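Inspection log for the structure reproduced underneath, given as structure tokens.
The values are calculated or read from the model by the stated rules, or taken from the named source; none is laboratory data. Remember, predicted model here, so these are calculated numbers, not experimental data. Heads up: the accessible areas ignore ligands, DNA and RNA and are worked out on the full protein's heavy atoms, side chains in. Shrake-Rupley method; radii C 1.70, N 1.55, O 1.52, S 1.80 Å.
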Amino acid sequence: MATAAEKTGRFLLALAALLALGLLAASAASAGPTATRVVYAPGEIVPIPSAVPHEAGDMVDRRIVADLRWIAARYPIYVTDGYSGPLPNGEHVGCDMCHVRNSDHYNGLAVDIVPLNGTSGKCDATWAPITRLAEWAEPVQNQPVPPFRWVGYNGDAGHGCGNHLHISWQHAPAAQFQLAEWVEVFPTGPAGARKPRQPRPKSPAEKLPSGPPGGFSTVHSGGLAPRGD
């Protein structure tokens, strides 16, 4: 017959297990968007809007702008780089030769993020919201939540607290400096948040669509590597 101490021990173990399950459930419930959708509308490289703090001249594919606005409204972010590549008028935007070959930055579907008014090169309290954003987009290492394709942060070389957070969006295969045929995003409106996820179309890996012949903005304002920044 179990003693009072043994019963108390079993009760505490059961309580700890229930608490752990509750924490896991809460974490899973708050991880990433609750729905996604695939956008087939033609892409265009456009300036990042002022609602999203960023370095002057930074640009992205317009299909992820709404998601960036949503993120910026909830996390104090500062975008240090978006699209990196040439524009039709011969100008180059973004950092030059600072991303891996075939990075999502070359398709305008990735951003590098640091804290707004944060400390550069030092992992301190200003990075706490960026860490929460990284964990929201990728609650488990190397398992980003849709619609994100790759999240580079703690545990990834050249990324992390005190360095920068890289987030890129799922998209159709596209050659360097070309626009993807489709992009997966999360709905930012209240109605869209209730829609179920739509399966992403599968494109043969060996067939890289050339992308729309145009679509790049000439306004100057302001990859597919398995894992790359």
Report task. Normalise the Debye intensity by I(0) for segment 29-134, one equal point scatterer per Cα, no solvent, then take log10 at q = 0.10, 0.18, 0.19 Å⁻¹ and round to two decimals. Result -> -0.31, -0.96, -1.05
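Give me Rg over Rh for segment 108-166, both radii from the alpha carbons and Rh done the Kirkwood way, two decimal places. Mind dumping the intermediate values first?
On the way: Rg = 10.9 Å, Rh = 11.5 Å.
Dividing the radius of gyration by the Kirkwood radius yields 0.94.
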Query - Built amide H within the under 5 Å cut-off of ASP81, gap 5+ - result: ASP112
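What is the percent carbon and sulfur in the accessible area of segment 70-157, measuring with a 1.4 Å probe over the protein chains and ignoring ligands?
Working: 2000 of 3880 Å².
Looking at segment 70-157 in its full context, I get 52 percent from C and S.
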